[in-house]
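Structure, as structure tokens:
Values in this text are rule-based calculations from the coordinates and carry no lab data. Every value quoted in this text rests on a predicted model; they were computed, and no experiment measured them.
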Amino acid sequence: MPLPDFCRLPALFALLVVGALTVTVMWLAPDTRFGWRGYSVGMTFVAWLAVLVTLTLCKARPWLQHLSGWMPYAGVWLLIVVIVIVASAVARWMDATLHMALIHGGYGQFVRDNALIAALLGAALLRYFYVLAQWQLRLAAAARAQVAALQARIRPHFLFNSMNTVAALVRVDPDAAERTVEDLSELFRAALGEHRSGDGTLAEELNLVERYLAIEQLRLGDRLRVRRELHDLTPDFPLPRLLLQPLVENAVRHGIQPRREGGEILLAGGREQGMLWIEIANPLPDEPAPGGHGLGLDNVRQRVAYRYGSRSRVDAGPQGERFVVRLRLPLETARHG
């Protein structure tokens with residue numbers, strides 16, 4: 001089970017919150033001897049401990065992660081307790097040496113009480129991190145299963161249409177048929193024929209979209225028109241595989257194919273205020289198609305929320321005479337993903 005990333009702010013924030021709540025509960029206890037002065041000292045000591053523990057765990061994480069089973073979490077718990085014992089001993093010694101009288105109680109009692117509190121709270125906090133890690137692993141497995149389901153859906157539908165296009169072109173335009181076979185081969189090899197885990201890049205996904213559109217262009221001819229307004233994009237931006245291609249496929253199937261005169265698909269994108277945005281728009285069909293855009297959009301929303309967090313957004317719906325899907329993805333979150 002992977003350890004949480006102690007080098008990031010959420011880990012430090014969690015330690016600070018737990019420590020601050022503990023000091024506050026002790027201060028509010030009916031028989032407490034601490035006043036405002038003691039509360040302030042306790043909060044300062046907890047903040048110092050939280051920073052010290054976080055820095056130590058950040059540096060030790062690569063070595064702890066090599067342990068097997070539950071041992072990484074046991075190692076983290078042991079480090080927390082040892083750090084608290086040493087820090088408490090140093091704080092008590094400094095208080096006595098400098099005659100500040102900030103800490104009440106004997107030397108051994110102060111160290112022992114802090115060690116017990118650290119052991120109990122550390123165990124509870126690590127249990128929370130462990131459950132959170134399991135939940136994230138299940139979400140990752142669900143995301144991989146969704147990609148596999150997309151692959152299974154695209155393979156027969158797209159392959160049959162493409163083969164029919166190739167068959168029609170063999171006698172009429174052999175060169176175009178050859179290019180279609182090459183595009184189809186590259187498309188399946190790059191996206192559908194390999195079960196790679198992890199993210200791809202924006203450039204790879206856009207290349208996949210272009211190959212798909214090249215094949216559909218031969219099938220639909222002048223009925224399919226594509227306008228590209230892609231400005232200031234980051235080619236190596238990490239993107240879950242098969243995120244954009246199903247949206248473009250939906251745009252072709254539900255916005256172009258049902259219309260006798262066809263229509264224009266818009267592919268737009270750019271960066272603004274620390275966010276990368278991508279927009280896919282298609283004309284609305286003359287008559288609403290049952291089940292259009294639903295399953296694919298739900299899939300995209302779930303994968304985007306899992307990969308990029310709460311700052312990301314996927315907005316979709318009719319806007320005038322077009323159906324527009326707009327993704328907003330935080331650049332900073334993606335770099336840490």
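Per 0.36 nm of contour for each residue apart, how much would the distance between THR201 and GLN273 grow if the chain were fully extended, relative to their Cα-Cα spacing?
Contour length minus the Cα-Cα distance gives 23.9 nm.
Taking 0.36 nm per residue of sequence separation and subtracting the Cα-Cα distance, how much length would be gained by fully extending the chain between ALA133 and ASP173, in nm to one decimal? Show your work: numbers first, answer last.
On the way: separation 40, 0.36 × 40 = 14.40 nm, distance 5.47 nm.
Once the chain is fully extended between ALA133 and ASP173, it gains 8.9 nm.
Can you bin the stretch 1-127 into rounded, prolate or oblate? Criterion: square roots of the alpha carbon gyration tensor eigenvalues sorted a ≥ b ≥ c, rounded for a/c under 1.5, prolate for a/b above b/c, oblate for the rest. Let's see the in-between values first.
Details: a/c = 2.17, a/b = 1.83, b/c = 1.19.
Prolate is the answer for the stretch 1-127, as a/c is 1.5 or above and a/b outweighs b/c.
Between MET71 and ASN164, what is 0.36 nm times their sequence separation minus the Cα-Cα distance? Round to one decimal in nm. Write out the running numbers ahead of the final one.
Values: separation 93, 0.36 × 93 = 33.48 nm, distance 5.67 nm.
Here the segment from MET71 to ASN164 would lengthen by 27.8 nm.
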